[in-house]
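Below is one structure, written out as structure tokens, with a few remarks after it.
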Amino acid sequence: MTLTRKLWIGIGALIALSPLGLILPDHFKAGSAWGEWGTDEIQKMTGYVPQGFQQLSELWKAPMPDYAFQGWEGKDIIQLSLAYVVSAVVGIAIIAIFSLLIGKGLAKKHV
Amino acid sequence: MHIPDGYLSPETCVVFGAVMIPVWTVASRAVRKTLSVRQVPFLAVGAAFSFVIMMFNVPIPGGSTGHAVGGVLVAILLGPWAACIAVTVALVIQALLFGDGGITSIGANCFNMAFVLPFVGYYVYRLISSGSPVGSNRRIIAAGAGAYVGICIAALCAGIEFGVQPLLFHTANGQALYCPYGLNIAVPAMTGEHLLIFGWVEALVTALVLQFLQKQESLLVEGGIS
């Protein structure tokens, strides 16, 4: 088996395990990463919502927000885990295509 | 460490965008000189690895979460400039597709995680591992140390970027316009949690994967994949 194939199998294993990154924080009641709070959390923590923050924070509507599907905020952990794996597959497919294109565009033709 | 939209002022975002454009330009030139066609698939694996490892949020029970970035491992295997490009691709897709990290803060996030992290990590690795034979334990330890220092310095940068906001950008009565926490809170929070927890996660992931690769493919690691 080629090394590249082995490495992609490793990436596949990580994709399969990725819901751990969702389940463990949920289990241990860990909140957002520092500095990645939403408007409500900032309001609760500081008592106000900074004006500039309010204007900029809703600038971009991501198609798969927080590695889930749109409108899936209240879904249970099993459904969210499934969405997480789908997100990993979609994200990695797009990243692989872009990196291969960039790499092929840049790499020296000899060797 | 993915700074969302709204935490950094537009001015800050322009500055980091302006810093990253020449970095990306030099990275492209460097990779053009050093990356062989055979290494291109590894660039894709590196970007994919960085993306997926960032999905493994590690909880501080009852507190916040954080994650490894994988950028130092990619830098050790493919060189820091290739790592810069690989992590940039991952960060851009995270921001656009998944809303993980802002659109306006892509420059700052790439500065921290795609530039500072792989370069600091790579040079710490080189310093500690210099002269040691391929496959030696010193290389594994050097990789772990590089990963730890790299992610902690990147977190320090993010902490400073957050922390200068209320100093520089506030209303007439002193209310913050963007990130509400100053340097006295942002820097200890960002560096503290990485020094104590997430830095060790990055170190462990980097050292373990490198050790595995050295065992599997002993030819692989002399100056990276070739």
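No value in this document is a laboratory result; all are computed from the given coordinates. Predicted, not measured: the structure shown is a model, and the values here were computed from it. Reconstructed Cβ throughout: ideal geometry from the backbone, glycine too, with neighbour counts over all protein chains shown.
Say a site is exposed when it is one of the GluC sites (Glu not before Pro), sits in a DSSP loop, and has at most 13 other Cβ atoms within 10 Å; what is then the longest site-free stretch of chain B? So the longest stretch without any such site is B:1-216. The helix-based estimate of mean residue ellipticity at 222 nm for chain B, built from -39,500 (n - 2.57) per DSSP H run of four or more residues and divided by its residue count, is -21500 deg cm²/dmol to the nearest 500. Taking other Cβ atoms within 10 Å as a rough exposure proxy, B:Thr25, A:Thr4 sort from fewest to most as B:Thr25, A:Thr4. Helix A:77-106 axis versus longest C-alpha principal axis of chain A: approximately 50°, rounded to the nearest ten. To make sure I understand the rule: partners must be lysines, Cα under 22 Å from the Cα of A:Lys6, and not fewer than 8 residues away in the same chain. Which ones qualify? A:Lys6 reaches A:Lys104, B:Lys215. Only the Cβ atoms of Lys and Arg (+1) and of Asp and Glu (-1) were treated as charged; on that basis the dipole of the protein assembly as shown about its Cα centre amounts to roughly 1560 debye.
In plain terms, the residue of B:Asp100, A:Asp76, B:Asp5, A:Asp66 with the fewest other Cβ atoms within 10 Å comes first and the most crowded comes last, giving A:Asp76, A:Asp66, B:Asp5, B:Asp100. Straight-line reach only, C-alpha to C-alpha below 28 angstrom: list the lysines that A:Lys29 could link to, leaving out same-chain residues fewer than 8 apart. Within the straight-line limit of under 28 Å, A:Lys29 reaches these lysines: A:Lys44, A:Lys61, A:Lys75. Here's the list of lysines a cross-link from A:Lys108 could span, going by alpha-carbon distance under 18 Å and ignoring same-chain residues fewer than 8 apart: B:Lys33.
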